[in-house]
Amino acid sequence: MKPLVIGNGAREHALAWKLSRSNRISGLYVAPGNAGTVTLGENLQTLDVEDVEAVARAAVDNKVDMVFVGPEVPLALGLVDALTESGIPAIGPHAAAARLEASKAESKRFMDAYRVPTAAHRTFSDPDQLEAYVRNAGRRLVVKKSGLAAGKGVIESGDTEHLVSAGRAFIEDGDSVVVETHLSGYEVSLFGISDGRDYVLLPPCTDYKKAGVGGTGPNTGGMGAICPVPWLTPGELEVIRSSIVEPTYRGLRDAGLAYRGVLYFGVMVTADGPMLLEYNVRFGDPEAQVVLPLLQSDFGNLCDAVLHNAIGEFPVRISGASAFGVVVAAPGYPSDYPKGLAVAPLPQPPEHEALVFHAATTLSADGTITTGGGRCFTAVGLGEEFLTARTNAYTTAKTICFPGSWFRPDIGGRLFG
Ligand code: AMP
Ligand code: GLY
């Protein structure tokens with residue numbers, strides 16, 4: 001099997017790393033890839049992954065026999081539709097099913113239609129109606145841009161003026177806005193992988209989305225993640241499965257959306273039971289970096305089972321260890337940040353203790369690695385015990401150095417995402 005992984009983040013480095021460990025792999029491409037994936041296969045560095053026809057042509061030309069799509073934008077643009085037309089099997093939903101992430105308004109309609117518990121909500125495309133609703137609600141609300149926003153479309157402020165101005169701005173930019181009740185609890189990210197008929201669930205993760213210590217400051221793409229989640233009980237997990245995951249897959253089948261790929265359930269566990277915050281139509285980042293190292297089954301075989309409608313019979317083996325991910329970010333992230341920062345020689349810990357996944361890095365001719373994004377690396381610590389994994393992650397994160405590099409020192413705490 002010669003797969004092509006689409007993307008250049010730490011999630012895609014983790015996907016490429018996991019595929020490179022498979023007995024089935026006879027070659028590996030990553031587009032556009034980064035300085036980490038270059039050591040695992042061939043980067044198709046100049047391929048524009050949002051040009052879906054160009055990606056399909058590159059897949060045919062390179063005789064790729066499976067494409068794994070990491071990020072949401074190419075999925076929403078119809079990359080899997082283009083690949084299917086070119087006869088290339090792909091893991092990732094078609095554009096119609098990718099609407100579950102690309103339109104929060106449509107995903108809320110899907111949740112309502114299939115009775116998936118979620119926060120009470122209304123969708124607005126008129127700014128005055130939105131303003132009147134927010135001002136008169138009498139309870140704390142969250143305002144969400146309906147379309148893709150790279151983690152910047154959700155306003156959770158307790159300040160009504162901020163909610164109103166952000167909501168109006170989203171509508172004036174041409175999008176609709178979902179306004180929903182603010183929920184309290186703790187968050188869990190769950191990943192299902194389905195072949196259109198059956199699905200398997202991977203172990204639960206928690207993602208730490210805020211930039212600041214104690215879950216303060218602005219939202220980010222995710223500053224760290226842990227897997228599994230020590231405080232989620234088997235009983236709570238079963239309730240999430242039966243009340244959220246099952247009705248979703250039933251709904252997908254019922255709606256004729258043969259869903260082949262990864263589906264991300266962003267869940268808030270509240271005092272009234274688990275509620276679905278959102279679907280994403282792909283692995284989370286940094287969640288993929290902590291889930292994939294715990295998967296003991298051959299990942300190439302698992303992908304093959306997804307492509308051959310055999311995931312229901314696939315024996316998914318998960319390690320009993322813990323994985324702990326810490327994101328090392330550029331100065332200023334998630335606001336403006338510099339790119340092209342020179343990275344000091346990276347740590348090379350033994351793989352059973354820690355892994356270093358790159359995001360958007362580049363390798364220059366003289367062998368220097370430079371940064372290219374806001375979240376630059378994920379240091380993943382592994383260990384039989386949660387605390388060992390934590391120590392291994394922070395020991396590694398501390399030795400990933402470039403000017404202004406920083407990380408959250410409190411990943412793994414229970415009550416502050
Ligand atoms: P979403 O993109 O809808 O998952 O929202 C991004 C983040 O905003 C979530 O991971 C939560 O931390 C927060 N959030 C979203 N919706 C709510 C809500 N109804 N109540 C509280 N926090 C929320
Ligand atoms: N870590 C959250 C996401 O990937 O959307």
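On the stretch given as segment 238-286, residues that are touching a residue at least 40 places away in the same chain (Cβ under 8 Å) and either among the small types (Gly, Ala, Ser) or outside any strand (DSSP E or B) (or both) total 27. Cβ separations smaller than 7 Å between residues 6+ apart or across chains give the following pairs from segment 175-188 residues that are more than 24 Å from Thr206 (Cβ to Cβ) to residues that are surrounded by fewer than 18 Cβ atoms within 10 Å (Cβ to Cβ) and among the polar types (S, T, N, Q): Ser176/Ser125. Yes or no: Pro93 touching a Leu at 6+ places or on another chain (Cβ under 9 Å), crowded, with 16+ Cβ neighbours inside 10 Å and either farther than 18 Å from Arg282 by Cα or not aromatic (Phe, Trp, Tyr) (or both)? Taking the combined requirement at face value, the residue satisfies it. Might you check whether a residue that is without any contact (Cβ under 8 Å) to a residue 12 or more places away in the chain, over 20 Å from Ala97 (Cα atoms) and either more than 11 Å from ligand 1 (Cβ to nearest atom) or basic (Lys, Arg) (or both) occurs anywhere in segment 164-171? Yes, segment 164-171 has at least one match. Scanning segment 21-40 for residues that are surrounded by 17 or more Cβ atoms within 10 Å (Cβ to Cβ) and either out of contact with any Gly (no Cβ under 7 Å at 6 or more places or on another chain) or among the β-branched types (Val, Ile, Thr) (or both) returns Ile25, Val30, Ala31, Pro32, Gly33, Asn34, Ala35, Gly36, Thr37, Val38, Leu40.
Taken over segment 317-341, the criterion of being aliphatic (A, V, I, L, M) and closer than 26 Å to Asn219 by Cα is satisfied by Ala323, Val326, Val327, Val328, Ala329, Ala330, Leu341.
Within segment 132-150, residues that are within 14 Å of His121 (Cα to Cα) have Cβ atoms under 8 Å from residues that are within 16 Å of ligand 2 (Cβ to nearest atom) and in a helix (DSSP H, G or I) in these pairs: Lys144/Lys104; Lys145/Lys104; Ser146/Lys104, counting only partners at least 6 apart in sequence or on another chain.
In the condition set (1) buried (at least 18 other Cβ atoms within 10 Å of the Cβ); (2) of a type outside the set (Gly, Ala, Ser); (3) within 16 Å of ligand 2 (Cβ to nearest atom), Val143 is compliant with all but (3).
Checked against the criterion of being buried (at least 18 other Cβ atoms within 10 Å of the Cβ) and within 16 Å of ligand 1 (Cβ to nearest atom), segment 309-324 has no qualifying residue. Being among the hydrophobic types (A, V, I, L, M, F, W, C), under 24 Å from Ala120 (Cα atoms), away from ligand 2 (no atom under 16 Å from the Cβ) and touching a residue at least 60 places away in the same chain (Cβ under 8 Å) is the requirement here; does Val213 meet it? Judged against the criteria, Val213 is not a match. Checking segment 217-229 against the condition returns a match, with at least one residue being within 16 Å of ligand 1 (Cβ to nearest atom), surrounded by fewer than 18 Cβ atoms within 10 Å (Cβ to Cβ), free of Cβ contacts under 8 Å to residues at least 40 places away in the same chain and not charged (D, E, K, R).
Highlighted here are the strands (runs of 3 or more DSSP E) found entirely within segment 155-208 that include at least 2 residues which are within 16 Å of ligand 2 (Cβ to nearest atom) and under 24 Å from the mean Cα position of the chain (by Cα): 186-195.
If you filter segment 196-216 down to residues that are closer than 26 Å to Gly332 by Cα and hydroxyl-bearing (Ser, Thr, Tyr), you find that the one that is farthest from ligand 1 (Cβ to nearest atom) is Thr216. If you check Leu75 against the conditions, is it assigned to a helix (DSSP H, G or I), in contact with a Lys or Arg (Cβ under 7 Å, 6 or more places away or on another chain) and not charged (D, E, K, R)? Criteria met by Leu75. Among residues belonging to segment 90-136 that are in a loop (DSSP other than H, G, I, E, B) and within 13 Å of ligand 1 (Cβ to nearest atom), point out the one that is farthest from Val52 (Cα to Cα). Step by step, filter segment 90-136, then rank; the result is Ala120. Answer with yes or no whether Pro286 is surrounded by 24 or more Cβ atoms within 10 Å (Cβ to Cβ) and more than 14 Å from ligand 2 (Cβ to nearest atom). Judged against the criteria, Pro286 is not a match.
Every read-out reported here was derived from the displayed coordinates using simple, explicitly stated rules and does not represent laboratory data. Quick caveat: nothing in here was measured; it's all calculated off a predicted structure. We place every Cβ from the backbone using ideal geometry, glycine too, and count neighbours over all the protein chains shown.
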